[in-house]
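Trainee: Mind looking over this structure? Questions follow.
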Amino acid sequence: MSSTDTSAISPKKEVSSQEAILKAAIEEFAERGVDGARIEAVARQANFNKSLIYRYFTDKQGLFEAALQNKLQERSDTVEKIPIDITEILQYYFEENLRDQNYVRVLLNEAQQNAGAPLIDEPWRREYYQNHINRLKKSQEAGIVSDEFDPVCLMLIFTALVFFPATLPQLAQLISGHPVDSPEFQEHWKNCLSIFGKLFQPQPPDDKQ
């Protein structure tokens, strides 16, 4: 079989090749954005030819959709494993966003390049966030999170808190005096998140006696 013949690829080989292509695609999209990304660069990084990428994903837009969904699926698979405690949730996602910088950069590039067009794979992505909102509702029903707050509003606030250091690290460094990947900043921000977490917990009734 020649190097360009993909007709006899085994299922196992096909899965591994798709995974390698998606991993390389995320790195390319994170670095250059959707418009600047090149299929040739993805193929070179994944060590597969371009024809295989086009076979799997049709075009660059299809590749981006698959790569982004793959990253979201990774996070979606862990939703039920995340602790219920609101402070631990905030700290968990803060650490995840610092760890997975490619995911953050892909989202930033998407935001910068979107000129009002429909979001890529919006229904699936809305469902992903709806799962988190539903989890917040369950925490409210269980008395873990105060029901004074609208769960959608809470989700927006929590997203801002856990994404800020990863998306604007230069501002975080200027404000705190420490790089976001330093132990000093991470300890400080985790303490801040712990305080925020307590603010969103149900407050005991005032003792009026």
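Bear in mind that the values in this text are calculations on the coordinates, not laboratory data. All of these numbers come straight from a predicted model, not from anything done at the bench. Neighbour counts are summed over all protein chains in view; Cβ atoms, including those assigned to glycine, are modelled from backbone coordinates with ideal geometry.
Trainee: Among the GluC sites (Glu not before Pro) within region 145-190, which fall in a DSSP loop and have no more than 16 other Cβ atoms within 10 Å of their own Cβ?
Mentor: Sites meeting the loop and neighbour criteria: 148.
Trainee: For the chain, what does the equivalent ellipsoid look like in terms of its semi-axes, each the square root of 5 times an eigenvalue of the Cα gyration tensor, given largest first in whole Å?
Mentor: 39, 20, 15
Trainee: Quick one: helix 60-76 against the long Cα principal axis of the chain, what's the angle to the nearest 10°, folded into 0 to 90?
Mentor: 40
Trainee: In the chain, once you exclude exposed trypsin sites (Lys or Arg not before Pro) (DSSP loop, at most 15 other Cβ within 10 angstrom), what's the longest stretch remaining?
Mentor: 39-207
Trainee: Pairs to check: 71/198; 23/137; 137/198; 23/138. Give those whose C-alpha atoms are more than 25 Å from each other in this structure.
Mentor: From 71/198; 23/137; 137/198; 23/138, over 25 Å: 71/198; 23/137; 23/138.
Trainee: I would also like to ask the following. Equivalent ellipsoid semi-axes for region 10-69, as square roots of 5 times the alpha carbon gyration tensor eigenvalues: give them largest first, rounded to whole Å.
Mentor: 17, 11, 10
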